[in-house]
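Quick notes on the structure that follows.
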Amino acid sequence: MKKVLLIDGNNLMFRSYYATAYTGNIMKNSKGFPTNALYGFVGMMNKIISEEKPEYAMVAFDVGVNFRKQKYDTYKDGRVETPDDLKVQMPVAREILTAMGIKYFELEPYEADDIIGTFAKYCEADEDFQATIISSDKDLLQLLSPEVDIKLLKQKDYIRYNPESFKEDWGFEPIRMIDYKALAGDPSDNIPGVKGIGDKTAINLLKQYETIEDIYEHIDEIKGKMKEKLLDDKDNAFISKEIATIYRDVPLKTSLEDVKYLGPDMVSLNKIYEDLEFYSFINKSALMSKQVDVDISFIEVKEEKDIKDLEKEVSLYIESDKENYHDGNIIGIAICDSKNNYYIDRSNVSI
C-alpha cells in the first residue's frame, strides 16, 4: 500500500502560534519578523514526516471566503480575528512546504477540510493507497473509512482513529458525525444545532436512530421535552447538518501522483531557515555541499585581540556535540561579518 499524508495546514499553524502566543512574548528573528508559528510548524512537519514515512503527502489551507459563509452568514461568527503576527507567517509556511518538497493546495471558496475530503475520496477510489489525515479538527472524523485513518492531535499526544476504533469510542459510524453536529451543534464554528440537546443526548439519539432524518421520521416515538426541542429547532438541525458536511468534489485538477513525496531541497530550505534564524533546523551536510566550491578561510581566534574591527552586524554559528546546543557542550563558535570569518575553538582559547 502507498501511504499518503493529508495534512491540515491551517490547523498546524494555529496550534503552533497559540502554543506560545499566550505568553505575550512572540518569538521573532533579529529583523523583528514573528516566527513562533513557523518554528512550531517546522518542528511538527519534521516529526510527522519522520514518524509516518509517507510516499505521498499534501497540505491543505483555507483561503478567502468559503461557500458556507456565503450561504450562512453567521458561520464561524464570534471567532477571534486571526492576529496580524500570525497572518504574516502564513505565506512563509507555504514557501517552507515547497522547499520541503510537499505540495500545498488552496482554492476559494472551499475550506481545507473540503480539500482533504477530496483527496481522501481519491484514495478510496484507488485500492493501492492508504491515507492518514493529520489534524486536531474533529470535523474530519467523518472522513474515516477503510482507506482513511486519522491522527487526531491532542495537546501533548494524539489519538489514531480508524472506523472501528471510532465506533468503539463514539457509538456510531464516522459519517454520522454530521448528524451529531446537527443535534449538538459546534460553538467553535457557530453551528447552532438543536437548542437544549447536548453531547450525551445527541449520541444516544444517533445510537437509536442513526441519522436526523430517521429521528424526525420517528419523532412521535420520542416523548416529553426532548420531542419539543427537536420540533422547535428542526430547521436548525438540517441547516447544521449541511454546514457540517465536508464537500468532497473540489475541482482541484490534480491527482495522487502529483503529490508524490521526493524529499526536500535542502539548499532552498536552509536558506529559508537562515533568514528565519532557525539554526537548530539547518542541515549542516547540505550547507557543506552548497559551499564545496567556495573558498572560505577562517581566522583562528585564541585571544580577544585576534578579532579586529568586527562590524556591528555579524552572523553567529554555534558548534555543539548535540543537535540542539542548549542540551550539549559547545565545541566552537564561528563569527562572520562582511570582511572576515573567525573561528573560536573552545579547547584552545584564553578568552
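Values for this structure:
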read-out: Within segment 71-93, tally of residues that are within 20 Å of LYS28 (Cβ to Cβ) and not hydroxyl-bearing (Ser, Thr, Tyr); value: 11
read-out: From the options TYR247, TYR273, residue that is under 30 Å from the mean Cα position of the chain (by Cα), assigned to a loop (DSSP other than H, G, I, E, B), closer than 30 Å to ILE116 by Cβ and modelled with pLDDT of 90 or more; value: TYR247
read-out: Residue in segment 155-178 that is farthest from LEU141 (Cα to Cα), counting only those that are charged (D, E, K, R) and at pLDDT below 95; value: LYS156
read-out: Residue match in segment 121-129 (condition: farther than 26 Å from ILE243 by Cβ and crowded, with 19+ Cβ neighbours inside 10 Å); value: yes
read-out: Segment 25-42: number of residues that are small (Gly, Ala, Ser) and either in contact (Cβ under 8 Å) with a residue 60 or more places away in the chain or on the phi > 0 side of the Ramachandran plot (or both); value: 2
read-out: Wholly within segment 30-87, helices (runs of 4 or more DSSP H) carrying at least 2 residues that are touching a Phe, Trp or Tyr at 6+ places or on another chain (Cβ under 7 Å) and surrounded by 10 or more Cβ atoms within 10 Å (Cβ to Cβ); value: 36-52, 67-71
read-out: Hey, LYS181 in contact with a strand residue (DSSP E or B) (Cβ under 8 Å, 6 or more places away or on another chain), at pLDDT 95 or above and not assigned by TED's automatic domain parsing to the domain that holds THR74 or not; value: yes
read-out: Cβ-Cβ under 6 Å pairs, at least 6 apart or on other chains, segment 168-195 side of a type in the set (Lys, Arg), far side not in a helix (DSSP H, G or I); value: LYS181/ILE191; LYS195/ASP233
read-out: Of all residues making up segment 113-132, the number that are more than 21 Å from the chain's Cα centre (by Cα) and of a type in the set (Phe, Trp, Tyr); value: 1
read-out: Enumeration of residues in segment 316-337 that are modelled with pLDDT of 75 or more and either small (Gly, Ala, Ser) or closer than 14 Å to TYR279 by Cβ (or both); value: LEU316, TYR317, ILE318, GLU319, ILE330, GLY332, ILE333, ALA334, ILE335, CYS336
read-out: Residue match in segment 104-124 (condition: among the acidic types (Asp, Glu), closer than 17 Å to ASP62 by Cα, assigned to a loop (DSSP other than H, G, I, E, B) and touching a residue at least 60 places away in the same chain (Cβ under 8 Å)); value: no
read-out: Any hit, segment 126-146, residues being of a type in the set (Ser, Thr, Tyr), outside the structural domain of ASN25 (by TED's automatic domain parsing) and over 30 Å from LYS28 (Cβ atoms); value: no
read-out: Condition met for THR201 (at pLDDT 95 or above, among the hydroxyl-bearing types (Ser, Thr, Tyr) and closer than 30 Å to GLU147 by Cβ); value: no
read-out: Matching residues, segment 249-264, being surrounded by 12 or more Cβ atoms within 10 Å (Cβ to Cβ) and either β-branched (Val, Ile, Thr) or over 29 Å from PHE281 (Cβ atoms) (or both); value: VAL250, LEU252, THR254, VAL259
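The values are calculated or read from the model by the stated rules, or taken from the named source; none is laboratory data. All values derive from a computational prediction rather than experimental measurement. Here Cβ is always computed from backbone atoms with ideal geometry, including for glycine, and neighbour counts include all displayed protein chains.
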